[in-house]
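A.B. asks: One structure follows; several queries about it will come next.
The values are calculated or read from the model by the stated rules, or taken from the named source; none is laboratory data. Computed from a predicted model, the values in this text were never measured in an experiment. Cβ: placed from backbone, ideal geometry, glycine included. Neighbour counts: every protein chain shown. To get the accessible areas, we keep the full protein, side chains included, count just its heavy atoms, and leave off ligands, DNA and RNA. Shrake-Rupley method; radii C 1.70, N 1.55, O 1.52, S 1.80 Å.
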Amino acid sequence: MSDRTLIYVVDDDDAVRDSLEALLLAEGFDVQGFGSAEAFLADGDPASADCCLLDVRMPGKDGLTLLQELDRDTATLPIIVMTGHGDVPMAVKAMKLGAVDFIEKPFDTNVMLTTIRSALQSKAANRLRSKVDPAILENLEKLTPREREVLEQLVAGRSNKEVGRQLGISPRTVEIHRSRLMEKMTAGSLAELVRMAIDAGIEPAASTSTPT
Amino acid sequence: MEDGIKSDGASSPTADDEALAEREALLRSIIETSPNGLITIDECGQILSFNPAAETMFGYQADDVIGKNVNCLMPAPYRNEHDAYIERYLKTGEKRIIGIGREVIAQRKNGEVFPVDLAVGEIRLADRRQFAGFIRDNSARRAAEQSVHTLRSELLHVSRLSELGEMASALAHELNQPLTAIINYLEACHRLLERDENADHRQTGRLMQKASDQARRAAQIIQQLRKFITKGETEHKFEPVNSVIREAAELAMVGSRQLAVTTEFDLAAGLPDIMIDRVQIQQVVMNLVRNSVEALADVEDRMLTVRTHQTADAAVQIDVIDAGPGLPDEVAQRLFQPFVTTKPGGIGIGLSICKGIVDAHGGRLWTTANPEGGTAFHISLPIDRNRRAPHV
């Protein structure tokens with residue numbers, strides 16, 4: 001292929017970065033790795049890359065800080081953040097800072113590749129983030145007021161236990177609402193659910209005790 | 001009391017008999033009501049008397065055992081050797097237990113073996129000798145000691161678990177890194193081979209090798225954890241201080257990489273091995289290092305020093321020094337008391353447990369202000385206490 005796709009990988013863990021490079025090369029992408037946010041800022045060219053996989057937890061400048069700085073100069077590079085498993089608050093922050101999606105480590109390879117491909121498409125579509133899938137909006141309509149509340153809590157990055165405390169219901173009940181939500185929204189994972197909610201403009205619920 | 005009886009008895013011959021009877025009654029009462037077992041034997045080891053406390057303790061009636069060899073009250077191998085003990089004493093006069101007393105092992109009628117304190121007195125009569133044994137049953141005291149011991153080691157185990165509980169998400173992250181890499185490497189191989197049967201074998205081989213390196217990395221993390229949460233009996237052995245300390249500090253630093261703490265190890269060469277319980281001392285060091293890392297979260301210069309050296313008073317000293325904000329005075333003074341904490345979620349038992357561990361090692365745990373700002377914790381462990389292992 002003459003028109004190759006270049007993917008940046010920013011991760012401080014040598015093995016994770018090296019293995020991602022190997023995998024993406026095997027998938028036919030061009031890859032360039034950076035061991036830190038600083039290295040990326042110094043040697044990377046956001047305008048020439050097609051997509052970027054960014055680790056959020058790094059020494060020095062972390063992924064969120066990098067996102068913040070990038071948003072100003074290069075809004076066209078779609079960035080997918082890599083978070084620890086179940087680190088929803090971090091993922092939510094990253095999405096608010098303009099990441100197109102997030103994947104949880106250790107990730108399912110197919111999920112990751114699908115995420116990259118859809119990020120590339122969104123780049124091709126010039127990041128038309130305003131175009132929300134009408135199906136998502138339709139599904140949102142089906143939620144009960146309580147389910148909607150739980151969703152807003154989840155978007156705020158709270159655990160079942162915290163959601164329960166906020167809403168004055170048991171974590172078990174939250175779990176039931178949550179699985180209903182996933183079903184109605186046809187979300188395969190919590191990550192997907194949160195992404196759809198953010199895309200659809202659902203605002204995270206404020207905390208009743210401490211501000212988020 | 002005895003003097004009183006004597007002076008009474010000196011007045012008349014009938015009074016003498018009366019005094020003798022009185023004294024015998026007193027003696028009998030003492031023997032009968034003594035909470036300790038009292039057994040007398042002759043020079044051949046034959047039981048002459050067996051008081052009620054001994055009956056209760058051993059489960060024999062006096063009539064069952066009087067006339068029998070006293071060795072029926074002890075388990076093998078003492079049972080077979082006791083006659084020889086008496087014989088040796090009669091021949092040499094060398095006292096090994098008479099007038100000294102010590103803990104020995106006895107055996108009840110039902111076969112149960114139990115620890116007793118035994119004191120032996122010698123009674124010299126005109127033509128022969130008798131021996132009186134005073135016996136105290138130690139099994140209850142032992143059981144109590146054992147249960148304190150067990151409780152303590154349970155507490156230490158639970159506190160190690162809770163320490164790890166607090167680190168759970170950091171540890172999960174640390175394991176996810178190699179797991180992520182393994183999946184990526186293997187998936188890359190898979191894809192290369194699937195696309196092209198004649199794929200470069202050296203290339204796929206290299207990827208597989210890298211995957212197995214990462215698997216080892218994950219295994220190593222788990223191994224460290226297992227060592228740390230091991231529940232086994234406390235075990236005191238001679239241990240190389242530096243590697244014990246380094247391992248613990250590295251485990252404590254797991255997951256704090258993104259905090260970008262610079263850790264400097266300044267470990268003295270040529271330290272003697274010291275008698276410690278490795279896991280417990282590692283628990284102390286982990287706790288101190290984790291405290292320091294937390295203290296560093298809010299400062300710019302995140303510098304942590306772990307140092308070992310030998311002191312003039314024949315001890316090995318371990319210092320954990322951070323450049324954090326330091327301890328407020330009122331906390332510093334009560335630092336090692338339980339339930340004193342500066343952490344929002346803490347219950348404040350970490351350092352009091354640490355102090356308990358170090359004390360049990362005959363050592364000292366204290367804190368000073370780091371002259372360059374921050375806090376220094378010091379552990380001093382004596383080198384020369386090698387003869388006996390401490391009971392923790």
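A.B. asks: For chain A, find the longest principal axis of its Cα atoms and tell me its angle to the long axis of helix A:63-73, 0 to 90°, nearest 10.
C.D. replies: Compared with the principal axis, the helix lies near 70 degrees.
A.B. asks: Only helical DSSP H runs with n ≥ 4 go in: add -39500 (n - 2.57) per run for chain B, normalise by residue count and round the 222 nm mean residue ellipticity to 500 deg cm²/dmol.
C.D. replies: That comes out to -16000 deg cm²/dmol.
A.B. asks: Just want the answer: with Cβ charges of +1 for Lys and Arg and -1 for Asp and Glu, which residue in B:Gln203, B:Leu186, B:Leu164 is farthest toward the dipole's positive end in the range B:144-229?
C.D. replies: Most positive-ward Cα: B:Gln203.
A.B. asks: Provide the per-residue ³J(HN,Hα) series for the range B:293-309, in order, calculated from phi with Karplus coefficients 6.51, -1.76, 1.60 and θ = phi - 60°, each as a whole number of Hz, with x at glycine and proline positions.
C.D. replies: 4, 5, 5, 7, 4, 9, 10, 6, 8, 8, 10, 10, 10, 10, 10, 10, 7
A.B. asks: With unit charges on the beta carbons (Lys and Arg positive, Asp and Glu negative) and the dipole taken about the Cα centre of the protein assembly as shown, which residue among B:Ala62, A:Leu181, B:Gln177 sits farthest to the positive side?
C.D. replies: A:Leu181
A.B. asks: With a 1.4 Å probe and all protein chains left in place, how much accessible area per residue does the range B:147-256 have, in Å²?
C.D. replies: On a per-residue basis, 54 Å².
A.B. asks: To the nearest 20 Debye, how big is the dipole of the range B:63-218 about its Cα centre, given +1 on the beta carbon of each Lys and Arg and -1 on that of each Asp and Glu?
C.D. replies: So the dipole magnitude of the range B:63-218 works out to roughly 660 debye.
A.B. asks: Residue by residue through the range B:182-196, which ³J(HN,Hα) values in whole Hz follow from phi under the Karplus form 6.51 cos²θ - 1.76 cosθ + 1.60 (θ = phi - 60°), with glycine and proline marked x?
C.D. replies: Each residue of the range B:182-196 in turn: 4, 4, 4, 4, 5, 5, 4, 4, 3, 5, 4, 6, 5, 6, 9 Hz.
A.B. asks: Another one. Pop out the carbon and sulfur fraction of the accessible area of the protein assembly as shown as a percent, whole number, probe 1.4 Å.
C.D. replies: That fraction is 52 percent.
A.B. asks: Report, in debye and to the nearest 20, how large the dipole of the range B:144-229 comes out about its Cα centre when Lys and Arg carry +1 and Asp and Glu carry -1 on their Cβ.
C.D. replies: 220 debye
A.B. asks: Would you list which aspartates and glutamates come within 17 Å of B:Lys91, measuring only between C-alpha atoms, while excluding same-chain residues fewer than 8 positions from it?
C.D. replies: B:Asp42, B:Glu43, B:Glu81, B:Asp83, B:Glu122, B:Asp127
A.B. asks: A follow-up question, please. For an R0 of 30 angstrom, estimate the FRET efficiency from the Cβ-Cβ distance between B:Gln46 and B:Lys95 and round to the nearest 0.05.
C.D. replies: Calculated value: 0.90.
A.B. asks: May I ask for the accessible area buried between chains A and B, both sides summed, probe 1.4 Å, to the nearest 100 Å²?
C.D. replies: For chain A against chain B, roughly 2000 Å² becomes buried.
A.B. asks: What residues from the range B:348-381 fall in the zone where the backbone N is under 16 Å from a label point 7 Å along the Cα-to-C-beta line of B:Glu330?
C.D. replies: none
A.B. asks: On to the next question. Assuming R0 = 35 Å, what is the FRET efficiency of B:Ala25 and B:Ala76, from their Cβ-Cβ distance, to the nearest 0.05?
C.D. replies: 0.30
A.B. asks: Same structure, new question: Using a Förster radius of 60 Å, what is the FRET efficiency between B:Glu103 and B:Ala172 based on their Cβ-Cβ separation? Nearest 0.05, please.
C.D. replies: Approximately 0.75, to the nearest 0.05.
A.B. asks: Still on this structure: Sort the protein assembly as shown into rounded, prolate or oblate with this rule: let a ≥ b ≥ c be the square roots of the eigenvalues of the Cα gyration tensor; rounded if a/c is under 1.5, and if a/c is not under 1.5, prolate when a/b is larger than b/c, oblate otherwise.
C.D. replies: Note, shape of the protein assembly as shown comes out prolate.
A.B. asks: Would you pull out the residues with amide H under 5 Å of A:Gly33's amide H, same chain only if 5 or more places away, H placed 1.01 Å from N?
C.D. replies: Under 5 Å from the amide H of A:Gly33: A:Val9.
A.B. asks: Also: What does DSSP give for the range B:34-137 in terms of the percent of beta bridges that are antiparallel, rounded to the nearest 5?
C.D. replies: Around 95 percent of the beta bridges assigned by DSSP in the range B:34-137 are antiparallel ones.
A.B. asks: Relative to the present Cα-Cα distance, how much length would full extension add between A:Ser189 and A:Ile169 at 0.36 nm per residue of separation?
C.D. replies: Computed gain between A:Ser189 and A:Ile169 is 4.9 nm.
A.B. asks: Using the charge dipole of the protein assembly as shown (Lys, Arg: +1 at Cβ; Asp, Glu: -1 at Cβ; taken about the Cα centre), state which of B:Ile39, A:Thr5, A:Ala47 has its Cα farthest towards the positive end.
C.D. replies: The Cα lying farthest towards the positive end belongs to A:Thr5.
A.B. asks: Sequence-distant or interchain residues sharing an amide H contact under 5 Å with A:Thr5, placed H: which?
C.D. replies: A:Asp30
A.B. asks: Helix B:13-33 sits at what angle to the longest principal axis of chain B, using alpha carbons and giving 0 to 90 degrees rounded to 10?
C.D. replies: Once rounded, one gets 20 degrees.
A.B. asks: A follow-up question, please. Mind ranking B:Cys72, A:Cys52, B:Cys44 by accessible surface for me, highest first, 1.4 Å probe?
C.D. replies: B:Cys44, B:Cys72, A:Cys52
A.B. asks: Mind putting a number on the dipole of the protein assembly as shown about its Cα centre? Charges go on the C-beta only, +1 for Lys and Arg and -1 for Asp and Glu, and I need it in Debye to the nearest 20.
C.D. replies: Once rounded to the nearest 20, the dipole reads 700 debye.
A.B. asks: May I ask for the angle, rounded to the nearest 10°, between helix B:241-253 and the longest principal axis of chain B, with both axes built from Cα atoms and the value confined to 0 to 90°?
C.D. replies: Here the helix axis deviates by roughly 50 degrees.
A.B. asks: Pull up the cross-link candidates among the aspartates and glutamates for A:Lys96, meaning alpha carbon to alpha carbon under 13 Å and not fewer than 8 places away within one chain.
C.D. replies: Candidates past the 8-residue exclusion: A:Asp71, A:Asp199, A:Glu203.
A.B. asks: Select from the range A:137-212 those trypsin sites (Lys or Arg not before Pro) which occupy a DSSP coil region and have at most 15 other Cβ atoms within 10 Å, ordered by residue number.
C.D. replies: Those that pass, being in a loop and sparsely packed, are A:Lys142.
A.B. asks: For B:Leu20, B:Leu175, give the ranking by accessible area with the largest first, probe 1.4 Å.
C.D. replies: Result of the area sort, largest leading: B:Leu20, B:Leu175.
A.B. asks: Please go through the range B:187-225 and write out the GluC sites (Glu not before Pro) that DSSP classes as loop and that have at most 12 other C-beta atoms within 10 Å.
C.D. replies: B:Glu197
A.B. asks: Say each of B:His157 and B:Ala369 gets a label point 7 Å from the Cα, pointing the same way as Cα to Cβ; how far apart are those two points in nm?
C.D. replies: Reported label-point gap for B:His157 and B:Ala369 is 4.3 nm.
A.B. asks: While we're on this one: Relative to a virtual label point 7 Å from the Cα of A:Asn110 in the Cα→beta-carbon direction, which members of the range B:184-200 show backbone nitrogen distances below 15 Å?
C.D. replies: B:187, B:191
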